[in-house]
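The values are calculated or read from the model by the stated rules, or taken from the named source; none is laboratory data. Small disclaimer: the values here were computed from a predicted structure and weren't measured. Counting neighbours? That spans all protein chains shown, and the Cβs are built from the backbone with ideal geometry, glycine included.
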């Protein structure tokens, strides 16, 4: 049993992670990781595809730790990067749907220097509004700082 944090992510984020990991590792691989994570309940019932904030940070961190315990640091890194990319691509679709047309409304391509800060701020705002994450983006001149002040992946390491 995982000690809960009382901080939550939307079900959709957890669902994307678990479905993607299952696709990558196979059902038995994911079940082994969930068993090691102390989360056998997610072997049979993955979170619904909605934005309700009910998936605890501690469970998210435990899944990440379970994957590492099952596959080792190098294997887990491969799986988690691939799952992260899938989640990112899922998220970027929302950005494109919301801002894509307006960024090219004049018929000209908008430079990356304008799109990038908008995208980073959009991600931060969405995380802050839909979860208990605390994310901020700072302009540091020639680069941007993406600061995750409350991170579900790191939760059990704090």
For the stretch 77-135, what are the residues that are outside any helix (DSSP H, G or I) and either closer than 23 Å to residue 153 by Cα or modelled with pLDDT of 80 or more (or both)?
131, 132, 133, 134, 135
Could you please find all residues in the stretch 3-45 being crowded, with 17+ Cβ neighbours inside 10 Å and part of a loop (DSSP other than H, G, I, E, B)?
5, 7, 39
When residue 11 is evaluated against the numbered criteria (1) farther than 16 Å from residue 87 by Cα; (2) in contact with a strand residue (DSSP E or B) (Cβ under 9 Å, 6 or more places away or on another chain), which criterion, by number, is the only one it fails?
(1)
Do we have residue 66 as surrounded by 18 or more Cβ atoms within 10 Å (Cβ to Cβ), at pLDDT 95 or above and part of a helix (DSSP H, G or I) here?
yes
